[in-house]
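Undergrad: This structure is in structure tokens; I'll ask about it shortly.
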Amino acid sequence: MIAHFPILVIVVLLVAAAIVPLVGRINRTASWLTACAGCLASFLMAVSILSTVLDSGRISYWLGNWAPPFGIEYAYDPLNAFVLVLVSFVAFMVAVYARDSLEKELDPHRITPFYAVYMLFVAGLMGMVATADLFNLYVFLEITSIAGYVLIAVGRKRESLMASFTYLVMGTIAATFVLLGIGYLYMVTGTLNMADLARLLPDLYHSKVVLTAFAFFTVGLTIKIALFPLHNWLPNAYAFAPSVTSTIMAATATKVGAYALIRVMFTVFQPEFEITVVHVTQVLLFLATIAILAGSILAVAQTDIKKMLAYSSIGQIGYIVLGVALMNHLGMIGSIMHILNHALMKGGLFLVVGAIVYRHGFTHIQDFVGLGRKMPFTMAAFTIGALSMIGVPLTVGFVSKWYLALASLDAGMWYFVPVLLISSLITAVYFWRVIDNIYFKKTEKEEPATGIQEAPIGMLVPTFVLALLCIVFGIFASFPISVAEQAATLLLMR
Amino acid sequence: MSTVDDSQHIMRQIAARVSIPFIQLFGLYVIAHGEAGPGGGFQGGVILGASVILYILAFGIDDGAKRIHQWKSDVLNSVGLLVFAGIGLLCLIQGGNYLQYNALIAGNPKLASHLGIIGIEFGIGVTVAAIMITLFFETARRDVK
């Protein structure tokens, strides 16, 4: 059976998505259990895939036993096996968390369908990561996108619909661009398999069709990951969605988009193409720098915690793209590490916000005064996440920033080091504002002593697991770094 | 409904009664034909779903809901998908890769491929038809309220 894990890791999610509405007729707990079981099974299979990949190299699975390049192939190397484990883990944690949070934030009759769509969303993400076929990647991209629009629109706020619609328009443009890119590549090569494209494309690098295809891919995927000038859809989408949606989207969706960008830039096209033919790296470096600074500065200006975290996500995407666009080994390790740690820390932070919404129902930073006493554990998790976001040593945020700084020096572009430092300082500024409110400000009006009003245990545990992993991987960083190193070697040395 | 006089009402209902069986037969034909030519689960499913929607349009949503309750279409949404995934998993149990139809029946790969493809086409057809109906109920209900 282990031989079929490469496909079952996704099928189990799809089957769970189909079963959730059926068992939801019994009661909502049953559908929650099914969703959790699906995510857990998927996570365990992903771990098994990662260990097999690390032991014995690339796995290739042929759907319907049709040999690639004619059939659809699912292929795993250290990069996507790593992202696969990450996505399924966060999805499992959020699924566990979802039960209490959704009871509070959604209308009761929407909860069971929410789980079903959530499973489809995760299945789409996992499929995007797993597949080695470009068209299959597009199909899964559409599955996650459409599920994502639903997950946002289901929120109770009126603005949710508008945010979802904006995302729908932008997301559709992005997906269409990706599809056009795929179409152009298919036109000149006649193949959709990534490895086969990598073999055929180098002879065609100066063809106008291939250049156009690459342009469509880059723009389409940068909309999907919300790189700076194309980030408009993101803040509202995160801010007005239910907490569970904000968490899963912030922690996994943009990361998988970044993975797809890396795949297209380094597997379908070769690094020489970006360096010698199109010079896209300069553009991406420029945009990444602006994203890092603008995301951080805009985050300072926010009064709503969810919007603040959303703008900070835009900055963090800048880090990932920066490492990719530096085109060197250390930069790639930095990017892959940042995919890991942004998923953990931003996931953890959004879960904390969900817990605050559950207990108190507000997201304005001003209202956070005194929360340190009311919700000590949740706020401890918030502090850990915030420290990691700033990049304090011993947290996982430090590791990736360290690698990105080293990579900038290694590439002879020292001027990115001050960019990283300045943005870390601004990050410290906007998180300090929150922490100041939480722990140090005195309430103006005398409130009745309410004692501890902690979030329920089902929300607390996932939040803490993500927060603690920020520290665990900050101290014992050698395992993820070794995986990232293998992935970087594979991507850059051919 | 009071603005429409009775004779129009009856004409519409009779026209629907006459055409629905043919539409459904055609839908099934398109689904079954998908294995060997143009057509398949999506197109056939849409035709099947449209026949039910036509019934609801002709007889009103309350009569329509008596014929096919929304919970039935809700359940069929999942069932079709499970049929698809189930056939894929059956291939695994029979020792093939996922969706490797020719492994379904040991010793007869040709028949197995036929049955496998027809099976998943029907799975898709059921899901697509049911989702059309569910979507129609969801949007129509909102207008009534």
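Undergrad: Cα convex hull of the protein assembly as shown: mean projected area in nm², to one decimal?
TA: The number I arrive at for the protein assembly as shown is 31.5 nm².
Undergrad: Given Cβ point charges of +1 (Lys, Arg) and -1 (Asp, Glu) and nothing else, what value in debye, to the nearest 20, does the dipole of chain A about its Cα centre take?
TA: Dipole size: approximately 840 debye.
Undergrad: Now, a different point. If r is the Cβ-Cβ distance from B:Leu111 to A:Val139 and R0 is 30 Å, what FRET efficiency results, to the nearest 0.05?
TA: FRET efficiency, B:Leu111 to A:Val139: 0.55.
Undergrad: On to the next question. Return the FRET efficiency for the residue pair A:Val392, A:Leu54: r is the Cβ-Cβ distance, R0 is 35 Å, and the value is rounded to the nearest 0.05.
TA: Working from the Cβ atoms, E equals 0.75.
Undergrad: Right, next: Taking only Cα atoms, what is the 0 to 90° angle, nearest 10, from helix B:70-93's long axis to the longest principal axis of chain B?
TA: For helix B:70-93, the angle is close to 10 degrees.
Undergrad: Let me ask another. What does the structure give for A:18-29 when I average, per residue, the other chain Cβ atoms found within 10 Å of the residue Cβ?
TA: Taking the mean over all residues of the peptide, I get 3.
Undergrad: Over all residues in A:63-75, what is the mean tally of Cβ atoms on other chains that come within 10 Å of each residue's Cβ?
TA: Whole-number average of other-chain Cβ neighbours for A:63-75 is 3.
Undergrad: I need the phi-derived Karplus couplings for the range A:332-343: 6.51 cos²θ - 1.76 cosθ + 1.60, θ = phi - 60°, integer Hz, Gly and Pro marked x.
TA: 5, 4, x, 5, 5, 5, 6, 4, 4, 7, 5, 4
Undergrad: Using per-residue counts of other Cβ atoms within 10 Å, averaged over each peptide, order A:162-175, A:330-343 from highest down.
TA: In descending order of packing, they fall as A:330-343, A:162-175.
Undergrad: Please list, in order along the range A:261-274, the HN-Hα scalar couplings obtained from phi with the Karplus expression 6.51 cos²θ - 1.76 cosθ + 1.60 (θ = phi - 60°), rounded to whole Hz, x for Gly and Pro.
TA: 4, 4, 4, 5, 6, 10, 9, 5, 9, 9, x, 4, 4, 5
Undergrad: Once phi is turned into ³J(HN,Hα) by the Karplus curve 6.51 cos²θ - 1.76 cosθ + 1.60 with θ = phi - 60°, what whole-Hz value does each residue of the range A:24-32 show in order, with x for glycine and proline?
TA: Listing the rounded values in order: x, 5, 6, 7, 6, 4, 4, 5, 5 Hz.
Undergrad: Starting from the Cα of B:His9, step 7 Å along the direction of its Cβ; do the same at B:Thr139; then give the gap between the two resulting points in nm.
TA: That separation, rounded to one decimal, is 2.6 nm.
Undergrad: Then there is this: Run the numbers on chain B and let me know its relative contact order in percent, using alpha-carbon pairs under 8 Å that are six or more apart.
TA: 28 percent
Undergrad: Moving to a separate point now. Measure off 7 Å from each Cα along the Cα-to-Cβ vector at A:Phe286 and A:Leu211, then give the distance between these two points in nanometres to one decimal.
TA: Going by the 7 Å Cα→Cβ label model, 1.7 nm.
Undergrad: I'd like the trypsin sites (Lys or Arg not before Pro) in the range A:1-94 restricted to DSSP loop residues with at most 14 other Cβ atoms within 10 Å, sorted by number.
TA: A:Arg25, A:Arg58
Undergrad: Measure of size requested: the Rg and Dmax of the range B:6-144, with Cα atoms as the atom set and Å as the unit; please supply both.
TA: 17.8, 62
Undergrad: If we sort A:76-89, A:147-160 on the protection proxy, mean other Cβ atoms within 10 Å, highest first, what's the order?
TA: So the peptides A:76-89, A:147-160, ranked by packing, come out A:76-89, A:147-160.
Undergrad: Within 10 Å of each Cβ in B:92-100, how many Cβ atoms from other chains are there, averaged over the peptide?
TA: What the average comes to for B:92-100 is 5.
Undergrad: Can you tell me the Rg and the Dmax, both Å, for the Cα atoms in the range A:169-235?
TA: Considering the range A:169-235 through its Cα atoms, Rg and Dmax are 13.1, 42 Å.
Undergrad: Let me ask you something else. Find how many whole Å separate the alpha carbon centroid of the range A:262-315 from the alpha carbon centroid of the range A:74-153.
TA: So the two Cα centres are separated by 23 Å.
Undergrad: Here is a further query. Note the angle between two axes, namely the Cα long axis of helix A:158-189 and the longest principal axis of the Cα atoms of chain A, as a number of degrees from 0 to 90, rounded to the nearest 10.
TA: Between the helix axis and the principal axis of chain A, the angle is about 10 degrees.
Undergrad: I've got another one for you. If you take the charge dipole of chain A about its Cα centre, with +1 on Lys and Arg Cβ and -1 on Asp and Glu Cβ, which of A:Ala455, A:Phe89, A:Met187 is farthest toward its positive end?
TA: Working it through, the farthest residue towards the positive pole turns out to be A:Ala455.
Undergrad: Let me ask you something else. Calculate how steeply helix A:208-224 sits against the longest principal axis of the alpha-carbon atoms of chain A, using the helix alpha-carbon long axis, and give the answer as 0 to 90 degrees to the nearest 10.
TA: Taking Cα atoms only, the helix is inclined about 10 degrees.
Undergrad: Quick one: compute the contact order of the range A:1-79, relative version, from alpha carbon pairs under 8 angstrom and 6+ residues apart, as a percent.
TA: Once normalised by length, the contact order is 29 percent.
Undergrad: With an 8 Å Cα cut-off and a minimum separation of 6 or more residues, compute the relative contact order for the range A:1-278 in percent.
TA: Value for the range A:1-278: 19 percent.
Undergrad: Under 17 Å between alpha carbons, and skipping anything fewer than 8 positions from A:Lys255 in its own chain: which lysines qualify?
TA: A:Lys224, A:Lys346, A:Lys401
Undergrad: Given points 7 Å out from each Cα along the Cα-Cβ axis, report the A:Phe165 to B:Ala32 separation in nanometres with one decimal.
TA: 4.5 nm
Undergrad: Taking R0 as 45 Å, what FRET efficiency do you get between A:Arg156 and A:Asp410 from their Cβ-Cβ distance, rounded to the nearest 0.05?
TA: Using R0 = 45 Å, I get an efficiency of 0.40.
Undergrad: Any chance you could run the full-extension gain for A:Leu468 through A:Trp66? It's 0.36 nm times the residue separation minus the Cα-Cα distance, nm to one decimal.
TA: Residue separation times 0.36 nm, minus the Cα-Cα distance, leaves 140.4 nm.
Undergrad: Using only the Cα atoms of the range A:382-434, what do you get for the radius of gyration and for Dmax, in Å?
TA: 11.7, 37
Undergrad: Please work out the Cα center distance from the range B:39-104 to the range A:183-257, rounded to the nearest Å.
TA: 32 Å
Values in this text are rule-based calculations from the coordinates and carry no lab data. On a predicted model such as this, the values are computed, not experimentally measured, just so you know. FYI the Cβ positions are ideal-geometry reconstructions off the backbone, even for glycines, and counts take in every protein chain you see.
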